[in-house]
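> I have a structure I would like to understand better, so I am pasting it below and will then ask my questions one at a time.
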Amino acid sequence: VTWQLYAERSAEHVSSSVREFIAAAAVKSEVRGRFTVRYDGGITADMRVIHRGKAYSVLGVMPDPDSGLEYMTLAVSEGVVFDGR
């Protein structure tokens, strides 16, 4: 698989808390954190997020609860070290 840069964005990154981590493990969830970005209809769960040298797989894309067009939250799985490819 060869990845291509889609866009560079400012985002808020929130790692799962210990409580969320334990709860997720109990139901075998892969979600380990989330990124919140401005809405972009081109972002899909087939993409990944690179943040501070880690590649995070996007597990789901959730629109904001009001308009659905202001921002979106990306649920992500644990990152791996990213070597630039």
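> Modelled with pLDDT of 85 or more and within 12 Å of Gly33 (Cα to Cα), is that true of Leu69?
Here the answer is no, as Leu69 does not meet what is asked.
> Tally time: how many residues in the range 31-60 are closer than 18 Å to Glu8 by Cβ and either of a type outside the set (Gly, Ala, Ser) or in contact with an Asp or Glu (Cβ under 8 Å, 6 or more places away or on another chain) (or both)?
17
The values are calculated or read from the model by the stated rules, or taken from the named source; none is laboratory data. Everything numeric here is computed off the predicted structure, so don't read it as measured data. So basically every Cβ, Gly included, is an ideal-geometry build from the backbone, and we count neighbours across all protein chains shown.
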